[in-house]
Structure formats: structure tokens, C-alpha cells
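Everything on this sheet refers to the single structure shown next.
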Amino acid sequence: MEQIIKIDEIVFKEELYPRQSVSYVTAGNYAAKMKAGVKFPPILLGRVNGDLILVDGYHRMLAHQKIKEEYIKAEIKKYTSLKELYKEAVELNNTHGLPLSSYDNLKILATLESMEFTPFEIESILKATPDRVQRYQSRIIRRPNGSQVFLKAPIARLLEKGCITEEEAANIDQSHFQVQQVKSIMIQLIALLQDDVYPWGDADMRVLGVEVYQLLGRSVSINDIS
């Protein structure tokens, strides 16, 4: 059933949001298109225990807020449980909008397991083979306090190769591991080395340079580049 809903009546539960992060660029693009008169499909809300919970359309809702809209068009569906609601949220995010990343799938997998979905159900919801699900599981580790850590691919590969311990992996600040950021860092490092201006005279920088050299030697060989 489609209705006009006041946005501040909508409940957003981060633990039920399939994605690891929000794309404010996408929300901004949607807002610009809305101001230009482009019509978007209604968002989907789920009614569970009296609450109107966002199921699908978070970026559309953010775009409405960005252009100071208080109301939004929404389809409302009744769910018997949060488990049923979450399953549909994942399936919808898997079929339209921004593609789910492998990193998003780690969060989804952990949530599905905590909700006690069966392995077969998890494979079906993630649209993944058993092998792929196992690879996702290997990228979810726990700190000594029991909290989960979702490893980005570069860190997971270092752990798999034995270059770092699980404890070291859990303590790495992964906010720096965006592909474009890493690429930029490597380009700058290469430029410093090529121009012979790397600060080898600084003891700390010398130690860091040696660590990079050792890690690269353990992780990749010249034969890996074709």
C-alpha cells in the first residue's frame, strides 16, 4: 500500500541496513535530480510491532532530507519479524541501486548468521556459492573482547599469506584502505624513490621503508606482473 509518510516517523535501524556505509555522493546526485523534477520510485517501509522501519530506499530518503522535504512517498508492507524484513532488504539491495560490494556482504553474512539463517538460505540470499561464502567467513575475525572485525580484501590477503597475525589485522585502521587512496600513496612513494628524495636519513622512515620492502617481498614477486 502506497502512502505519503512524514520522514521523521520512519525508523532507520543501522543493524538492518545491508551496506557498510552510505554514499553521500549518490544521495547528493539523487537530490539534484529530484530538484530538476525527476520522479523516483517510492521507498519501502516495513511495519513491525507498530514501527515503520526502512527496508529499501535510504539514499532516496537522504535526498529528500537534503532538499528539505518533510514527506516522502512510501510503500508499506507488513512483516512478521525483523528477520523476514532483513531478508527482503538484502534481496532488494542485491537487485537494484548501487551494487553490493564484497565488503558489504561481510556485514550481511554476519547478520544472517546471527539471525540463524541456514547455510543454504545464506547462500541463496547472498547469491553466492558455498566457496564464496567460506571466503567471506574467513574475512570476519574477532577481537579478544568478542567484537567482530570485517577485513577489507588487502588486509585479508596479508593475513592469509601469514604476513600479519590475526591480532595485527584486527588492530589495523582500515579507513585508509580505499583503493584510490592506496593507489595515490603508492604513486607518491614511487615518485619519492625515483627522485631519490625518500628521507632515508630519518631513522623512523628508514625502518618503515624496510618494512614495506619486506612485506612487498613476501606478498608479491616480479613474476606476478605480466
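For this structure, a couple of remarks:
- Some residue of region 134-146 being assigned by TED's automatic domain parsing to the domain that holds GLU84, out of contact with any strand residue (DSSP E or B) (no Cβ under 9 Å at 6 or more places or on another chain) and assigned to a loop (DSSP other than H, G, I, E, B): no
- Subset tally (residues that are among the small types (Gly, Ala, Ser) and under 17 Å from ASN94 (Cα atoms)) for region 1-57: 3
- Filtering region 6-31 to residues that are more than 16 Å from LEU54 (Cα to Cα) and surrounded by fewer than 11 Cβ atoms within 10 Å (Cβ to Cβ) leaves only VAL25.
- Qualifying residue in region 47-68 (condition: modelled with pLDDT of 95 or more and in contact with an Asp or Glu (Cβ under 7 Å, 6 or more places away or on another chain)): yes
- Residue tally, condition modelled with pLDDT under 75 and either outside any loop (DSSP other than H, G, I, E, B) or on the phi > 0 side of the Ramachandran plot (or both), over region 158-192: 8
- Total residues in region 35-54 satisfying the condition of being within 26 Å of the chain's Cα centre (by Cα) and either in a helix (DSSP H, G or I) or hydrophobic (A, V, I, L, M, F, W, C) (or both): the figure is 8.
- LEU98 meets each of the listed conditions (1) within 17 Å of the chain's Cα centre (by Cα); (2) surrounded by fewer than 15 Cβ atoms within 10 Å (Cβ to Cβ); (3) at pLDDT 95 or above apart from (3).
- Taken over region 140-164, the criterion of being over 21 Å from the mean Cα position of the chain (by Cα) and within 24 Å of GLU113 (Cβ to Cβ) is satisfied by PRO144, ASN145.
- Residue among ASP131, ASP104 that is in the same structural domain as LYS33 (by TED's automatic domain parsing) and surrounded by fewer than 19 Cβ atoms within 10 Å (Cβ to Cβ): ASP131
- Of all residue pairs spaced 6 or more apart or on separate chains, those with beta-carbon atoms under 9 Å, a first member in region 143-169 that is surrounded by 12 or more Cβ atoms within 10 Å (Cβ to Cβ) and a second member that is in a strand (DSSP E or B) and among the basic types (Lys, Arg) are GLN148/ARG142; VAL149/ARG142; GLU166/ARG142.
The values are calculated or read from the model by the stated rules, or taken from the named source; none is laboratory data. Computed from a predicted model, the values in this text were never measured in an experiment. Please note: Cβ atoms are built from the backbone with ideal geometry, for glycine as well, and neighbour counts cover all protein chains shown.
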